[in-house]
Amino acid sequence: MPLMMKTFVSLVLLCAGAAQAQESADLIVSAAQVVTMDAKRRVIDNGAVAVRGGRILAVGPRAEIDKAYKAKQRIDQPEALIAPGLVNTHTHAAMSLLRGLADDKPLQEWLEKYIFPAEAKNVTPEFVRWGTRLAMLEMMLSGTTTYTDMYYFEDEVAQATKEAGMRGVLGQTIIGFPAPDYKTPQEALAATEKFIAKWKNDPLITPAVAPHAVYTNEEATLRAARELADKHGVPLLIHVSETQLENTSTHAKTGSSPTFYLSRIGGIAKRTVFAHGVWMGVRDRQTARQFNVGVAHCPSSNMKMASGVLPVLEFLRFGIPVGLGPDGPAGSNNDFNMFEEMDLAAKLAKSMNFDPQALPAATVVEMATIMGARVLGMEEQIGSLEAGKRADLITVSLAEPHAFPRHDPYSMLVYSLKGSDVRDVVIEGRVTVRDRKPLTLNRAEILAKAAELRAKVDASLREGKP
């Protein structure tokens, strides 16, 4: 064979070998920076993430990712950063349809005189379905990829969440008075077990048991809820020590704080999330650490309801994982914006401790990502961008004036960037938001339905119902 022909054949074979060496990927996302939140807390300039089958294949410099993988779909955002999807550890999604119903009230008054009665008359499966869709639309557009819910008709929540391609830790509420879905705690417990059986192995839905609180449930109910959660290995979600009144009334009734009471009666499961925890003392924190409890910190809600401020640094010193949550949007908070929660959590801690170095930005980003995942017992699956983990990520624009100049990405995420800067959202490898356009939720339909249901709520109030 002539030399020129040999050279040509060698080049063809070399190119073919290089092509074969490239692995296929479903999606490659690239950006100016990748904030991984991995064990080394790597921040990769001009980086990329390769995804296949809902999992992350690789994270690294874009040149290396492009050399190793050939993607069916690409998202290239040269003026953005990539971060793990945000993890919301406490909310009540369908209450989006009660937004602003009774603002500027104390918690107990707000619950007992406004929310509980309004829910009794207005909450139906349809209400929950559309309220959840409205909440998810807002959450996804502001970078949340996993949310933790406690509400009624939770199977409707799960169905809507699955359809939207969002990840949810979804707790069926158990409460000691007739609720919109089940009239007794016993009915709610039985329904919760069926709910768990239906959704337990779903890749997006993690079913949970959600006794509302110590002050709304009897001892036997709280114990049965814990037994159910441990039987199926699912999370238990409960409000604990949100207000000083809750603490003092529980102590008057049981002789204990809510935390110690739950530990004494066998009400803390192996995977338990305490929402709020504002008034938990030293002994409570010791108990929480002993039982591996995670805590959902809700700074906007606690500020708006004047409930107090969670001493986050004390919890972290005890080794208790603390995540972030916006709580419900019906008055305790009026949105689902996790960027706002990050900003407020950092500033509250600094203000309360008279220390500008308290709760630095990098720690707050941990709380919204990998530590939030740890609160839910899901840190092996989500919360960071690492090979093998579920492909939940967001791109956040760096093109707006408030993103200049760029020094520290953690500072940017907590203090400068906004939920409205989120450009793209990927959950379980599926693109659910592209260039701020929701792909799995019908924005116009959801907003129209929300207006229709709001009118029904308003009419019930005008008629004295409740």
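Only the coordinates and a few stated rules stand behind these numbers; no lab work does. Here the structure is a predicted model, which means the values were calculated and not measured. Counting neighbours? That spans all protein chains shown, and the Cβs are built from the backbone with ideal geometry, glycine included.
The figures follow:
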quantity: Residues whose placed amide H lies under 5 Å from that of Arg42, excluding near-sequence neighbours; calculated: Thr36, Met37
quantity: Cβ crowding within 10 Å averaged over residues, with 29-39, 43-53 ranked highest first; calculated: 29-39, 43-53
quantity: Where a label projected 7 Å from the Cα of Asn292 along Cα→Cβ would reach, residues of region 380-397 with amide N under 17 Å; calculated: 380-382
quantity: For region 186-279: relative contact order, % (alpha-carbon pairs under 8 angstrom, 6 or more apart); calculated: 30
quantity: Entries of Lys194/Lys231; Lys72/Lys389; Lys40/Lys350; Lys121/Lys437 with Cα pairs more than 23 Å apart; calculated: Lys40/Lys350; Lys121/Lys437
quantity: Long-range HN-HN contacts of Thr432 with modeled amide H, under 5 Å; calculated: Val425, Val426, Ile427
quantity: Subset of Lys105/Lys347; Lys347/Lys418; Lys113/Lys347; Lys113/Lys183 violating a 27 Å alpha-carbon distance limit; calculated: Lys113/Lys347
quantity: Virtual spin-label span in nm between Ser460 and Asp66, 7 Å along Cα→Cβ; calculated: 5.5
quantity: Part-to-part distance (alpha-carbon centres) for region 150-192 and region 329-349, which is given in Å; calculated: 24
quantity: Vicinal HN-Hα couplings computed from phi for region 398-411 (Karplus, 6.51 cos²θ - 1.76 cosθ + 1.60; Hz; Gly/Pro x); calculated: 10, 8, 7, x, 6, 9, 10, x, 9, 10, 10, x, 5, 4
quantity: Phi-based couplings in Hz for region 220-237 (Karplus 6.51, -1.76, 1.60; Gly and Pro marked x); calculated: 4, 5, 5, 5, 5, 5, 5, 4, 5, 4, 5, 4, 9, x, 10, x, 10, 10
quantity: Computed label-point distance, nm, for sites Tyr415 and Phe116 using a 7 Å Cα→Cβ extension; calculated: 4.3
quantity: Full-extension gain in nm, Ala387 to Val282, via 0.36 nm per residue minus C-alpha separation; calculated: 33.9 nm
quantity: The chain: relative contact order in percent, alpha carbon pairs under 8 Å with at least 6 residues between; calculated: 20
quantity: Quotient of C-alpha Rg and 2.2 N^0.38 Å, computed over region 166-238; calculated: 1.02
quantity: Compactness index (Cα Rg / 2.2 N^0.38 Å), region 282-378; calculated: 1.02
quantity: Two-decimal Rg to Rh for the chain - Kirkwood Rh, Cα set; calculated: 1.03
quantity: Peptides 211-218, 111-118 ordered by average Cβ neighbours within 10 Å, highest first; calculated: 211-218, 111-118
quantity: Paramagnetic reach from Arg41 in region 398-431 [backbone N under 18 Å; point 7 Å along Cα→Cβ]; calculated: 407-416
quantity: Options Val43, Gln22, Val431, ranked by Cα towards positive dipole end of the chain, top entry (Cβ charges); calculated: Gln22
quantity: ³J(HN,Hα) computed for each position of region 266-277 - Karplus, 6.51 cos²θ - 1.76 cosθ + 1.60, integer Hz, glycine/proline x; calculated: x, x, 10, 7, 5, 10, 10, 10, 8, 7, 5, x
quantity: Residues Lys198 and Ser351, FRET efficiency given R0 of 45 Å [Cβ-Cβ distance, rounded to 0.05]; calculated: 0.50
quantity: Placed amide H near Thr272: partners under 5 Å, 5+ positions off or other chain; calculated: Leu236, Gly294
